[in-house]
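Written below as structure tokens is the structure these notes are about.
The values are calculated or read from the model by the stated rules, or taken from the named source; none is laboratory data. Only a predicted model underlies this, so the values are computations on that prediction, with no experimental measurement involved. Cβ atoms come from the backbone with ideal geometry, glycine included; neighbour counts cover every protein chain shown.
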Amino acid sequence: MFHCDYHIHTKLSPCAARDFDIEKIIQIQQEQGMKEIGITDHDYGYGYKAKNIEAVRKVIKKCEPSISVHVGVESHILEYRVASINIQLASYFDYVLMAPNHYHLRGVSLPSDPGNPRKVANHEIYMFEAAVACPLTDVVVHPFVVMPNVFRMSKEEVAAFGQEMMRAIDQKRLIRQLDLAAQRGIGIEISPKFIRYNQMHLVEFYHLCLEREVKLLIGSDAHNAEELGELSKLEPVLKELGVQEEHLWRPKEWRW
Ligand SMILES: [Zn+2]
Ligand SMILES: [Zn+2]
């Protein structure tokens, strides 16, 4: 529908499939009729080294893609005012995706009781505020998505838990953050992950984003070829939300 996917991991991310390389991604995306994509590995996948980012740009150039291929990065909030990436490294990327809830990674501030939806709601909004406040953030990715592997719950359990958690979110605080995001041009990601984990509480959240004029970033958050194809599952949701071109967050032109 919009022919873009701005959140794709490669084998540089330890959590991605070992054969999922840039060449393969570009080839698949070209075949699927994509127009613009973004490679966004985890910052630790680059070993926090600029030369590894340059190497990725070289590989892309060598592929001679017929589509636009950006190089972004996925970083995460550790706690308020502390992110996993610094400004020096961030400057090498076209954009920074900021994850507020990478609870499975070392050093990330955790909810005091991960089994209590109210406590998780409090923590999620705190981390969301931290992501919006971080000067390096271009887009906040998967906010309020409860991952089954992270919370050690079944798919059914996270669906119900997510709803209860979302109801416990302080609406005033949330709206204030969305207004700040809109002012600063910070986008919010919508990915098929929320459909995969049946997190239907997020539909209302995306409605609220649009209402507060926050732009949405479309990304598959794919870690393998199969997940790239899952992006099409978003189409009915985007339609239902009434998402038009002007509602989309898109990367600015190449910085160099
Ligand atoms: Zn993530
Ligand atoms: Zn990701």
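Annotations
- Residue that is closer than 19 Å to His7 by Cα and among the acidic types (Asp, Glu), where the choices are Asp94, Asp179, Asp170: Asp94
- Of all residues in the stretch 123-168, those satisfying the criterion of being assigned to a loop (DSSP other than H, G, I, E, B), under 14 Å from the mean Cα position of the chain (by Cα) and not aliphatic (A, V, I, L, M) are Thr137, Asp138, His142, Pro143, Phe144.
- Qualifying residues in the stretch 1-12 (those that are among the hydrophobic types (A, V, I, L, M, F, W, C) and assigned to a strand (DSSP E or B)) - the one surrounded by the most Cβ atoms within 10 Å (Cβ to Cβ): Ile8
- Boolean, Val73 is over 17 Å from Glu189 (Cβ atoms) and either in contact with a helix residue (DSSP H, G or I) (Cβ under 9 Å, 6 or more places away or on another chain) or at pLDDT below 95 (or both): no
- Restricting the stretch 53-74 to residues that are in contact (Cβ under 8 Å) with a residue 40 or more places away in the chain and either within 19 Å of Ser232 (Cα to Cα) or not in a helix (DSSP H, G or I) (or both), the residue that is nearest to the chain's Cα centre (by Cα) is Glu74.
- Test: Cys15 is surrounded by 13 or more Cβ atoms within 10 Å (Cβ to Cβ) and touching a residue at least 40 places away in the same chain (Cβ under 8 Å): no
- Looking across Arg118, Arg106, one residue alone is in a helix (DSSP H, G or I) and either within 27 Å of Val56 (Cβ to Cβ) or away from ligand 1 (no atom under 16 Å from the Cβ) (or both). It is Arg118.
- Residues that are away from ligand 2 (no atom under 16 Å from the Cβ) and either small (Gly, Ala, Ser) or part of a helix (DSSP H, G or I) (or both), drawn from the stretch 13-26: Glu23, Lys24, Ile26
- Any hit, the stretch 185-193, residues being part of a helix (DSSP H, G or I) and more than 15 Å from the chain's Cα centre (by Cα): no
- Asn86 fulfils the conditions (1) over 30 Å from Val243 (Cβ atoms); (2) among the polar types (S, T, N, Q); (3) touching a Leu at 6+ places or on another chain (Cβ under 6 Å) except for a single criterion, (3).
- Leading residue by the ranking (nearest to the chain's Cα centre (by Cα)) among those in the stretch 27-52 that are assigned to a helix (DSSP H, G or I) and surrounded by fewer than 20 Cβ atoms within 10 Å (Cβ to Cβ): Tyr44
- Of all residues making up the stretch 33-52, the number that are in contact (Cβ under 8 Å) with a residue 60 or more places away in the chain and touching a Gly at 6+ places or on another chain (Cβ under 9 Å): 2
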